[in-house]
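In what follows, a single structure is set out as structure tokens and then discussed.
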Amino acid sequence: MPEPFRVILFIVFVMAFAGLNAAYLVWCERKGAGHIQRRIGPKEVGPFGLLQPIADGIKLMTKQLFLPKGADPILFMVAPLMVMVPAIMSFMVIPFSETFVAREVNIGLLMIFAFASVNVLGLLLGSWGSANKYAVIAGARCVSQNIAYEIPMLITTITMVMVTNTMNLNEIVRAQSGWFFHWHIFRLDISLLMPVAFLIFFVCSLAETNRAPFDMAEAESELIAGTYTEYPGMGFGVFFMGEYANIVIGCALSVILFLGGWQSPIPFNPAGFLGVIWGLFWFLTKLYALIFTVIWIRWTYPRTQFYELLNLSWKVLIPISLFNLILTALQIKIFPWL
Amino acid sequence: MNGLLQQDVNQETFVLNLGPQHPATHGVLRVKLVMDGEYIVEAEPVLGYIHRMHEKMGENRTWAQFLPNCGRMDYLSALSYNHGYVAAVERAAGIEVPERAEYLRVITVELNRISSHLLWFGAFVLDLGGFTPLLYAFDDREQILDLLESVTGSRLTYCYFRFGGVYNDIDDAFITGTRAFIKRLRKRLPMYDALVTKNIILIKRLKDIGPISKDMARRYGATGPVARGSGINFDVRKHEPYSVYSEFDFDIPVYEEGDSMARYMVRMDEMEQSMRIIEQALDKLPEGEIQPKKAIKLVKPEKGDYYHAVEAARGSFGVRIVSDGSNSAYRLKLRSPTYSNLSLFGEASRGMLLPDALALMGSLDLVIPEIDR
């Protein structure tokens, strides 16, 4: 397919994927929560409540976009987009399958992190712009939390870049081909702390996306809805879609960096179109398994305390990830043939 | 941290209105917080949003007409409030209660206490951000509500006690149902213990958070699990036994630490003790009448001043009656435990972080209609 058409097609696909994913992750979340809590969850709208997200979307869209008194009109309206748009942009470089990627950017990893940081800015501006004290507290929490968690996350990422020698996400996945024990999480020969590194990355991506048990920014029993307190209708809806898109990105990165991306656990890769589907299948399976874990965690644990969260980051995660960085560097240097 | 905050008077503070509509206050309570960032400089509970003048109503109605009001003060342990009022009037008018009726009162009150603690358990963990235990607790509580419904006729705002007895006798289905429920809860409590109490996040959020010293609890007149969590061994059931409580063998859980965890543990242990009381009461349940042989048609206590306290789920609930010998009270004073328990919040929360203060507030187990009466 000629290049411009391919990219346009992909943009459409990515936007549809992000939108539908957000909608149906809400459904999954509610259904999952229901079953964890011995309830049924949504069941009235459509079979198994499958049309519930659409009903919710229509409801949100028909609500008035009310601007609270004293709010900054521009910041208030722009903030949800600043969460949503970068999240969609990040999808452009994620390899769903070996050839199923919009653009194989050489600095794909860097690009995702650059866009992920904009997310915090959106939340901060939204809470500042809505002129609500609860929102401002949430915004301040959000920023310090994200700063604290991006450090161990980036250190772990640097370790992975060191291991694979590339920032191209597809190359990182290709480096893990073969049996499942070639996935980075099992490569103890590269670094003894590899499973720990995965755990650090996963925990950090939970904190980055403000998910329980680190959902300080929207702690509903403390700050009502935190950043989203004043947001009506689709303003709230777009924020939410952005949040879910960010969860997908976080989990996708974990899958790509540690769990072999689109590689199947056995060295069997059919060629051609079947290969695309095969890769897509494995990528999405791993992705949704991780997302399910995220939902599972949310409905199991209470919320952590804010200073405990920062303590965890500065006193535990950062030292361990730094140690891992040094250990990996040494191991690569001493056993370069591995 | 506390001292530092108060010295620095130039720090910019802001006022945060927590409530009257806020998820953490569990009702129409407003707390005016002066905040320095996320630290609380000063907290002042503002009461009265749902004041319904129950005490005044007691003066305008006949003694019996006030009975339904009792269940509407603390809707979570309504039977204790029934008990307090009925016992005070019985003391004033010198009404004898048949033994079987006293046993039935104890059984139903203790069941109600367990249901109240279960709901508190769920709502408290919800305050801490864990949603799931709430629904598990509601599942258990539902069984109690079914049992109590079968005997009292209502599920929440009970009006089961009458002067001189209770209005309905229990049947075999209730007895087997209660025994089955106790068996079930004995299996569930260890599960809550393993899943919630031993959770590292929960421990970190409760241990050494929101300390209430023995002295502070005494000064504010705190009672119930709040006082017992601060090491004050006081339970009306044990220390001023009323009804037939002196006939049962049960312990009063007391924790010395005074932090939110201690108050949490007191309530969790109390459920087991209540189950012990119910079991013994069911074993010993005497046959006989549930109301005096000669029906009480008109209650007219002698002129005088009477007081009776009972141990409700949230602490000591006292009813003071001043009677002028007529068929309604001259003055009715209700001493509700949560009112005193909440009053210490201002002092206890000073210098705390907002989420910690909300954990403290949750551990006080507030029921707002009972504060405002």
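Just so it is clear, none of the values below were taken in a lab; they were calculated from the coordinates. What you see is a predicted model; the values in this text were computed from it and never measured. Positions of Cβ are generated from backbone atoms using ideal geometry, with glycine treated the same way; all protein chains shown enter the neighbour counts.
Annotations for the structure displayed:
- HN-Hα J in Hz across the stretch B:366-373 - Karplus 6.51, -1.76, 1.60, θ = phi - 60°, x for Gly and Pro: 7, 10, 5, x, 7, 5, 7, 6
- Positive-pole candidate from A:Y231, A:L274, A:F306, dipole of the stretch A:70-334, charges at beta carbon: A:L274
- For the stretch B:319-327, 3J(HN,Hα) per residue [Karplus equation, 6.51 cos²θ - 1.76 cosθ + 1.60, θ = phi - 60°, Hz, x = Gly/Pro]: 10, 10, 10, 10, 10, 9, x, 8, 8
- Between the stretch B:320-356 and the stretch A:270-338, the alpha-carbon center distance in angstrom: 52
- For the stretch A:132-211, relative contact order (Cα pairs under 8 Å, six or more residues apart, normalised by length) works out to 40 percent.
- Inter-centroid distance (Cα atoms) of the stretch B:114-160 relative to the stretch A:85-138, Å: 43
- Listed residues B:I290, B:G346, B:V89: farthest to the positive end of the dipole of the protein assembly as shown (Cβ charges): B:I290
- Cβ-placed point charges (K, R +1; D, E -1), dipole of the protein assembly as shown about Cα centre in debye, nearest 20: 700
- Signed unit charges on C-beta, dipole axis of the stretch B:2-372, positive-most listed residue B:I144, B:L366, B:N168: B:N168
- Around the Cα centre of the stretch B:9-167, unit charges on the Cβ atoms of Lys, Arg, Asp and Glu (plus for the first two, minus for the last two) sum to a dipole of about 620 debye.
- If you take the Cα centroid of the stretch B:262-302 and the Cα centroid of the stretch B:193-245, the two points sit 22 Å apart.
- Over all other residues within a Cβ to Cβ distance under 12 Å of A:T164, the charged ones net out to +1, with Lys and Arg as +1 and Asp and Glu as -1.
- Cross-link partners for A:K43 among the lysines, with Cα-Cα distance under 24 Å and sequence neighbours closer than 8 places in the same chain left out: A:K31, A:K59, A:K63.
- Within chain B, helix-based [θ] at 222 nm, where runs of 4 or more DSSP H residues each add -39,500 (n - 2.57), nearest 500: -14500 deg cm²/dmol
- Pairs of Cα atoms in chain A fall into 10 Å distance bins, from 0 up to the last occupied one, in shares of 6, 24, 33, 25, 10, 2, 0 percent.
- Taking every C-alpha pair closer than 8 Å and separated by at least 6 residues, the mean separation divided by the residue count of chain A gives a relative contact order of 24 percent.
- Net charge dipole size for the stretch A:70-334 [Lys, Arg +1 and Asp, Glu -1 on Cβ; Debye, nearest 20]: 440
- Amide H contacts of B:G129 (H built 1.01 Å from N, in plane; Pro and chain starts excluded): A:R303 sit under 5 Å, all sequence-distant by 5 or more or on other chains.
- Using θ = phi - 60° and Karplus 6.51 cos²θ - 1.76 cosθ + 1.60, couplings along the stretch A:93-98 (whole Hz; Gly, Pro as x): 9, 6, x, 6, 7, 4
- In straight-distance terms, cross-link reach from A:K333 covers every one of the aspartates and glutamates whose alpha-carbon lies under 13 Å from its own, apart from those fewer than eight places away in the same chain; here that gives A:D189.
- Checked against a 21 Å cut-off, the cross-linked pairs A:K133/B:K32; B:K238/B:K333; B:K183/B:K238; B:K187/B:K284 give Cα-Cα distances beyond that limit for B:K238/B:K333; B:K183/B:K238; B:K187/B:K284.
- Taking 24 Å as the straight-line reach from the Cα of A:K315, the lysines in range (excluding those fewer than 8 positions away in the same chain) are B:K198, B:K204, B:K207.
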